Amino acid sequence: MGPVVEVRGVTKWFGETTALDEVDLTVRGGDVHGLLGPNGAGKTTLLSALFGLVLPDEGTIRLFGRTRAQAGAGWLDGVGGFVETPRFYPYLSGRRNLAVLAGLDGGDAASLIDSALERAGLAGPAARQKVRGYSLGMRQRLGIAAAVIRRPRLLILDEPANGMDPAGIRDLRAALRRVAADGVSVILSSHDMAQVEEICDSATILSAGRVAAAGRLDALRAAAPDPVWRVRTSDDGRALSVATGLDGVKAAVGDGGGLVVHAAQGEMDSYVLALAAASVALRGLELDRTPLEALFFQLTDGAAKPVATTAEVTS
Amino acid sequence: MSLAAEPWPAYAGATSARTGGVAGALAVWRVELVKLSGKIVIRAIIALSVIGPFLVVGFLHLQSATPGDTPFGQWVHASGFAIPMTILGFGGQWILPALTGVVAGDIYSADDHLGTWKTILTRSRGRAELFAGKFLAAATFAVTALLVLTVTDLLAGLAAGRSPVVGLSGQLVPAGHATWLVAASYLSDLPPLLGFTALAVLLSVASRNSVVGIGGTVVIGVLFQIVTLANLPQWGQQALLSTPFMSWHGFWGAPAFYGPFLWSLLTCAAWFAACSAAAWLIFRRRTIEAAA
């Protein structure tokens with residue numbers, strides 16, 4: 001089976017601004033694919049192009065092996081989700097909004113409204129409430145309910161956890177893993193690196209409209225710079241000198257006290273043991289940047305200017 | 001239940017492919033009518049269209065003077081048939097463009113304002129179906145509003161009196177024939193009304209702004225009225241979209257003449273086609289942005 005999403009050389013200009021610059025993206029069936037990048041990197045433009053909201057100036061987009069021209073009106077069959085905050089008609093209730101969308105979808109979408117509302121935690125009075133009174137989290141939930149009634153086999157979500165409470169976020173993560181296990185492909189745009197690391201199989205990092213890195217998550221981690229740790233000790237000066245004697249460990253005094261240490265997991269273990277041997281007590285140790293975060297910041301720092309090189313990472 | 005509690009509904013094959021084209025546009029049309037029915041302003045307009053003519057009859061009864069500067073105005077106390085014709089003569093060129101502008105001037109730009117294009121364009125309907133369905137809904141409202149006004153204005157007139165009415169050539173028109181002429185006069189405003197609907201759609205699509213869509217339609221209608229006062233050549237007068245609102249004058253002559261009405265069909269068809277085509281050309285390749 002071919003890829004579910006295949007983007008090749010997509011370029012989009014808005015006047016003088018290059019929003020997307022020869023972007024490639026491949027998502028396989030059943031994959032949860034993270035789309036990462038700082039603000040203005042082109043994530044929303046790329047998702048909008050997948051939905052056909054933005055028409056590329058160059059390049060091709062295939063969903064389920066078909067271009068938009070080949071698929072015609074059926075281009076988005078089996079595709080659900082939203083770009084940016086889901087928008088609805090404020091003067092209609094949540095249920096009526098879904099009925100409007102089900103009317104556009106046709107098929108049996110209308111019969112799925114009740115279960116979708118219940119699944120999204122919007123059954124009962126919330127379903128009858130006008131959307132103008134919804135919180136951001138409720139709109140996100142209604143957006144997911146609107147996706148559910150499409151029976152998606154490709155789910156495209158742009159920051160879906162925005163405004164959700166912790167229980168909702170946990171629930172969403174579990175749901176995305178579950179739908180992926182059922183064979184649904186997911187493209188998840190997110191600023192939440194931990195969320196991406198937890199639930200994604202692969203990821204693409206965009207920077208200034210270009211693909212800075214793409215591949216399976218384990219391959220990205222392997223190509224990433226050392227993670228960053230924050231270390232607090234009983235004697236930071238001595239801890240610093242211990243670090244200078246170890247290969248693969250780079251330490252410096254942090255802004256708020258303590259040390260900032262760049263080291264892979266194995267080297268960090270050795271450093272902790274060395275601190276103990278040097279009679280330096282370890283009072284705190286936390287992972288400040290995971291490998292993926294470190295890669296992200298390495299690739300996207302100064303994202304306002306074009307990235308000179310593209311890291312191609314394949315599994 | 002929670003998002004992850006059970007398997008999500010599985011993909012069950014293409015749906016839009018079976019209902020694309022005309023059926024797809026009709027699906028959008030039905031959805032737009034549901035949305036329109038949820039708007040208080042639309043309900044208020046329909047209610048006012050029903051009640052308004054009877055209020056006008058009551059107001060005229062309280063007045064001893066007559067609106068003599070309007071065709072049929074001098075006969076409002078003599079015949080009930082003069083009342084709907086006075087309303088049509090006085091308000092047709094002003095009220096009808098505004099009436100269709102309220103829906104057609106807003107039906108596209110409201111989705112820009114609310115940011116809902118990205119919601120409805122990510123469903124199973126193409127741009128052509130959405131454009132056609134919305135256009136059809138706007139036209140449906142215009143036709144419905146005109147039909148309601150035709151019936152309620154006529155009923156209000158009949159309630160005021162069923163005496164024969166004096167025609168525009170001074171002839172006496174009996175009640176039975178007058179009833180048909182009133183209905184025909186109102187329905188003759190349908191072509192320019194649909195022309196203004198297309199104009200409002202164009203303004204709504206091009207500006208992405210409901211104030212421009214609605215207000216612009218009214219302002220252009222007024223500008224046409226002002227231009228009419230200028231000493232334009234006949235072809236210039238006939239090319240204006242407001243002129244066909246007066247084509248019913250010939251129905252009430254003795255003998256009746258239909259040349260202006262037939263000419264108005266051409267004028268309205270040209271405006272309708274040009275505005276619709278321009279709106280579609282703008283809409284089909286536009287980029288959808290987030291709401292402001």
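The values are calculated or read from the model by the stated rules, or taken from the named source; none is laboratory data. The structure presented is a predicted model; accordingly, all values stated were derived computationally and were not measured. Neighbour counts are summed over all protein chains in view; Cβ atoms, including those assigned to glycine, are modelled from backbone coordinates with ideal geometry. SASA here: full protein model, heavy atoms, side chains in, ligands and nucleic acids out. Shrake-Rupley method; radii C 1.70, N 1.55, O 1.52, S 1.80 Å.
Largest first and in whole Å, the equivalent-ellipsoid semi-axes of the stretch B:20-285 read 35, 21, 16, each the square root of five times a Cα gyration tensor eigenvalue.
Evaluated over the Cα positions of the stretch B:136-260, the convex hull gives a direction-averaged projected area, one quarter of its surface, of 9.3 nm².
Measuring with a 1.4 angstrom probe and ignoring ligands and nucleic acids, residue B:280 comes out at about 80 Å² accessible.
Total Å² of accessible surface buried at the A-B contact, 1.4 Å probe, nearest 100? About 4600 Å² of accessible surface is lost on pairing.
Across the stretch A:246-252, rounded Karplus estimates of 3J(HN,Hα) from the backbone phi angles (6.51 cos²θ - 1.76 cosθ + 1.60, θ = phi - 60°) give 10, 6, x, 10, 10, 10, 8 Hz, Gly and Pro being marked x.
Pairwise Cα separations in the stretch B:16-172 fall into 10 Å bins from 0 onward with the following percentages, short to long: 10, 32, 24, 17, 12, 5, 0.
The label-point distance for residue B:163 and residue A:58, in a model that sets each label 7 Å from Cα toward Cβ, rounds to 8.1 nm. Here chain A carries DSSP beta bridges of which approximately 65% are antiparallel, counting only pairs with both residues inside.
In this structure, the amide hydrogen of residue A:214, modeled 1.01 Å from its nitrogen in the peptide plane, lies closer than 5 angstrom to those of A:205, A:313, counting only residues at least 5 positions away or on a different chain. Could you state the angle between the C-alpha long axis of helix B:127-160 and the longest principal axis of the C-alpha atoms of chain B, as a value from 0 to 90 degrees rounded to the nearest 10? That works out to roughly 30 degrees.
Build a GNM of chain B with springs between Cα atoms under 10 Å: which of B:23, B:198, B:110 gets the top mean-square fluctuation? In this elastic network of chain B, the residue with the biggest mean-square fluctuation among B:23, B:198, B:110 is B:23.
For the options A:163, A:81, A:103, a Gaussian network treatment of chain A with springs between C-alpha atoms closer than 10 Å singles out A:103 as fluctuating the most.
Which residues among the stretch A:119-140 fall inside the zone where the amide N is under 20 Å from a point 7 Å beyond the Cα of residue A:182, along Cα→Cβ? Zone members listed by number: A:119-123, A:140.
For residue A:57, the amide hydrogen comes within under 5 Å of the amide hydrogens of A:11, A:12, A:13, counting only partners 5 or more places away or on other chains and with H modelled in the peptide plane.
Counting pairwise Cα distances across chain A, what percent come out greater than 36 angstrom? Counting every Cα pair in chain A, those more than 36 Å apart make up 29 percent.
The phi-based Karplus calculation (6.51 cos²θ - 1.76 cosθ + 1.60; θ = phi - 60°) puts the 3J(HN,Hα) values of the stretch B:30-46 at 4, 4, 5, 5, 4, 5, 4, 5, x, 8, 5, 5, 5, 4, 5, 5, 5 Hz, whole numbers, x for Gly and Pro. 3J(HN,Hα) along the stretch A:36-49, derived from phi through the Karplus expression 6.51 cos²θ - 1.76 cosθ + 1.60 where θ = phi - 60°, amounts to 10, x, x, 4, x, 6, x, 4, 5, 4, 5, 5, 4, 5 Hz, with x in place of Gly and Pro. Label-to-label distance for residue B:10 and residue A:110 is 2.6 nm, based on points extended 7 Å past Cα in the beta-carbon direction. Once the Cβ-Cβ distance of residue B:183 and residue A:39 is raised to the sixth power relative to R0 = 60 Å, the FRET efficiency obtained is 0.45.
GNM on chain A, alpha-carbon springs under 10 angstrom: the most fluctuating residue among A:257, A:78, A:168 is A:257. The equivalent ellipsoid that matches the C-alpha gyration tensor of the protein assembly as shown spans semi-axes of 66, 23, 21 angstrom, in descending order.
Apply 1/(1 + (r/R0)^6) to the Cβ-Cβ distance of residue B:274 and residue B:237, taking R0 = 22 Å, and write down the FRET efficiency to the nearest 0.05. Write out the running numbers ahead of the final one.
Working: r = 18 Å, r/R0 = 0.83.
With R0 = 22 Å, the Cβ-Cβ based efficiency is 0.75.
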